[in-house]
């Protein structure tokens, strides 16, 4: 779980080309959008694409449920694990 | 309006031939002399076969003669931005003959305007709509950008100028200037307005106030600019008997202090002109209080559109199309407007127009920011970037939160005014903004703050082991490697081209091989080479077969192997 959270932090930094920040600077529980990490709607768009590519996540439409998954690194990690279980443990492309 | 005369009538109409047109070289020039001067030079230019005359005149009267002579033979008047041959060379394709009152330094070829002798002369009737001139302005790229004018638009502008200044400036006044007629403002106010309104053109362009102040300025108009009016220095107040009727300024907004100082020194009102080479005069204002609104020129209709950008239709434009300026304005209660920012810095980000000046203004309103520069950067696509000088509290937040989060706070702050496109995506925090001698921001230095040159382009060398056959290097592939950009987005691997390049460079360094680039090579990629890993590069020189064998290993597993041809010395 910790590894997955770290991977997701690295993915966020990489996909959004965030500068001056390291994975360790992101708290797994902090809000990704708004006041926390301060990501915005364009970031959400790009992060969605990166998550789909990297973990094979299927995010069809933005529902309130999906918004919940995107709340923090921890909730994203839970979302990724959940989908992996449902897909019968198939691991993502690395 | 009845006092206005057309240029055509000046040359061939039934007007008083003894009337004063100009004073040049201390001599008065009458309508009769002007006609002779134009006739003799038109004949000379026709003989030279001139079609596009590059007009450079130091003296405004001779600019009139050169221009009218070119119009007489149906040639186009090409006006360079200044008298330097560099400015003329930049537009070399636009002209065929230099026409001047004095040959510029270092120039031996050209048509020098001369004084016409008495006797008979022959002048043709002219159609002002077909008398063409081309002026130049600096385009957004800095290249000269041509702007076409016709004589009739210039005459219409002169008539409008008479409407705003006619009451203030006596009918027989002389018009002096510290600005050149090579630019549109000088051309309109120092040349066409006096010529069409029957006032007297004063030939010279004064560089120094001291020279101008020795002239008889009583009742005159002085066409000047912020460059001169902000540099009045310690000139004595002009004696009441020598007071001009008005001062004119254009080019940029005159600072209030300079306006007050100028009005006081000359004891006369100051009229400020707002316009551009493309549009001619757009608006004017008598500078009598702090924030006097601009009033549109007679005939000019203004419209304030999206983003508070001023548009206008004008009789001084070549057509009836609305012209969109890049100036932001706010409307004033009594029909005028205030300039909020001269904004020629509009870029398209994600297909949306973004005003860089506007974003900067808004950023500066944040308590965290003391100054900022916002500019577009071409990355994979054009993105907005910002260089910020933090305020005291901004510097404190930077220490507390780090650059990334402060940048995000500022994006959040901008969210009140800007859509996503208008919010910079990359931020740099600096002690001060890089400026040149003129106080202008140095764009290349700003952009350099975002360049990748600070990142490594080679792996870090950890150990070197030498064998009889070659060398083994332990290398660490930093996750910051510049080569990782753009090759495999979202999947950082070391590209093959980089691996071949490094093999060549390290072989040149450690095996003294005379190769700089791999022109012929064979390579096989067995496994991916990932950033953030320690790898071993084995290099061996096969002198007999003239090749360099190389292989990258990780934990004894071959990642990449190949051979590169080594040229003979």
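The values are calculated or read from the model by the stated rules, or taken from the named source; none is laboratory data. Note that the structure is a prediction, hence the values are computed from the model and not measured. Cβ sites come from the backbone with ideal geometry, for glycine too, and all protein chains shown count toward neighbours.
(1) within 9 Å of chain B (Cβ to nearest Cβ); (2) crowded, with 17+ Cβ neighbours inside 10 Å; (3) part of a helix (DSSP H, G or I): which one isn't true of residue A:8, the others all being true?
With respect to (1) within 9 Å of chain B (Cβ to nearest Cβ); (2) crowded, with 17+ Cβ neighbours inside 10 Å; (3) part of a helix (DSSP H, G or I), residue A:8 is out only on (1).
If you check B:530, B:484, which single one turns out to be touching a helix residue (DSSP H, G or I) at 6+ places or on another chain (Cβ under 9 Å), closer than 28 Å to residue A:50 by Cβ and surrounded by 16 or more Cβ atoms within 10 Å (Cβ to Cβ)?
B:484
Report whether or not residue A:43 is crowded, with 16+ Cβ neighbours inside 10 Å, outside any loop (DSSP other than H, G, I, E, B) and more than 11 Å from chain B (Cβ to nearest Cβ).
Criteria not met by residue A:43.
For residues that are surrounded by 15 or more Cβ atoms within 10 Å (Cβ to Cβ), within 14 Å of chain B (Cβ to nearest Cβ) and either modelled with pLDDT of 80 or more or assigned to a helix (DSSP H, G or I) (or both), tally how many sit in region A:52-82.
Residues meeting the conditions: 3.
Name the single residue, out of those in region B:43-64 being touching a strand residue (DSSP E or B) at 6+ places or on another chain (Cβ under 9 Å) and part of a helix (DSSP H, G or I), that is farthest from residue B:189 (Cα to Cα).
B:44
Quick check, is residue B:402 at positive phi and free of Cβ contacts under 8 Å to residues at least 60 places away in the same chain?
yes
Restricting the search to region B:415-445, which residues are away from every other protein chain (no Cβ under 14 Å) and either part of a helix (DSSP H, G or I) or at pLDDT 85 or above (or both)?
B:443, B:444, B:445
Mind listing whichever residues of region B:197-220 are surrounded by fewer than 24 Cβ atoms within 10 Å (Cβ to Cβ) and not in a loop (DSSP other than H, G, I, E, B)?
B:197, B:200, B:209, B:210, B:211, B:212
Yes or no: region B:456-475 includes at least one residue that is within 14 Å of chain A (Cβ to nearest Cβ), surrounded by 13 or more Cβ atoms within 10 Å (Cβ to Cβ) and on the phi < 0 side of the Ramachandran plot.
No - not one qualifying residue is present in region B:456-475.
Condition check ((1) crowded, with 19+ Cβ neighbours inside 10 Å; (2) part of a helix (DSSP H, G or I); (3) within 14 Å of another protein chain (Cβ to nearest Cβ)) across all residues:
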site: B:311; (1), (2), (3): no, no, no
site: B:317; (1), (2), (3): no, no, no
site: B:375; (1), (2), (3): yes, no, no
site: B:386; (1), (2), (3): yes, no, yes
site: B:389; (1), (2), (3): no, no, no
site: B:394; (1), (2), (3): yes, yes, no
site: B:407; (1), (2), (3): yes, yes, yes
site: B:410; (1), (2), (3): yes, yes, yes
site: B:413; (1), (2), (3): no, yes, yes
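Take the residues in region A:14-36 that are within 9 Å of another protein chain (Cβ to nearest Cβ) and without any contact (Cβ under 8 Å) to a residue 24 or more places away in the chain; name whichever of them is surrounded by the most Cβ atoms within 10 Å (Cβ to Cβ).
A:18
Hey, can you tell me all the residues within region A:23-51 that are modelled with pLDDT under 80 and over 12 Å from the mean Cα position of the chain (by Cα)?
Listed by number, the residues that qualify are A:34, A:35, A:36, A:40, A:41, A:42.
If the requirement is being touching a helix residue (DSSP H, G or I) at 6+ places or on another chain (Cβ under 6 Å) and modelled with pLDDT under 95, which of these qualifies: B:330, B:354?
Only one candidate qualifies: B:354.
Which residues, taken from region B:1-27, are in contact (Cβ under 8 Å) with a residue 40 or more places away in the chain and in a strand (DSSP E or B)?
B:20, B:21, B:22, B:23, B:24
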